[in-house]
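Worksheet: one structure, shown below.
Every read-out reported here was derived from the displayed coordinates using simple, explicitly stated rules and does not represent laboratory data. Everything numeric in this text was worked out from a predicted model, so none of it was measured. Methodologically, a virtual Cβ is constructed for each residue, glycine included, from the backbone with ideal geometry; neighbour enumeration extends over all protein chains shown.
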Amino acid sequence: MASKAQATKLRIGDEIVVISGAHKGSTGTILRFNGDRSRVYVEGVNVVRRHEKPVPALGRPGGIREKEASIHISNVAFKTAGGASRLGYKRLEDGSKVRVSKKTQEVI
């Protein structure tokens with residue numbers, strides 16, 4: 001059963017804060033989304049250790065490597081000066097569509 005794509009206003013490079021789960025309160029930037037956009041990879045959050053074999057073709061040595069694991073998108077929120085905030089869209093006078101913080105109403 002294929003899962004539906006998660007509608008989100010977050011983008012790669014956005015500064016976020018984890019609002020629930022084991023890493024609650026942690027902040028970081030979004031590195032990437034998974035295929036259906038329901039999970040995000042955040043820099044420095046939910047770091048796991050993996051044992052990897054060497055890959056000579058890519059010149060990658062083996063060993064124990066740390067990397068970020070994914071977090072469900074419902075557990076993160078956009079970080080603003082006032083804390084975590086939801087995002088919305090707003091049309092400017094020139095007709096352009098921009099993201100705005102629901103909490104502070106500032107354009108992002």
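So here's what we get for this one:
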{"quantity": "Residues (assigned to a strand (DSSP E or B) and surrounded by fewer than 18 Cβ atoms within 10 Å (Cβ to Cβ)) located in the stretch 10-35", "calculated": "Glu15, Thr27, Thr29, Leu31, Arg32"}
{"quantity": "Failed criterion for His72 (all others in (1) touching a His at 6+ places or on another chain (Cβ under 9 Å); (2) surrounded by 10 or more Cβ atoms within 10 Å (Cβ to Cβ); (3) in contact (Cβ under 8 Å) with a residue 12 or more places away in the chain; (4) not acidic (Asp, Glu) hold)", "calculated": "(1)"}
{"quantity": "Selection from the stretch 75-98 of residues that are surrounded by 12 or more Cβ atoms within 10 Å (Cβ to Cβ) and of a type in the set (A, V, I, L, M)", "calculated": "Val76, Ala77, Ala84, Leu87"}
{"quantity": "Filtered residue count, the stretch 46-97, keeping only those that are in a strand (DSSP E or B) and under 19 Å from the mean Cα position of the chain (by Cα)", "calculated": "19"}
{"quantity": "Count of residues meeting criterion [of a type in the set (A, V, I, L, M, F, W, C) and free of Cβ contacts under 8 Å to residues at least 60 places away in the same chain] in the stretch 8-43", "calculated": "8"}
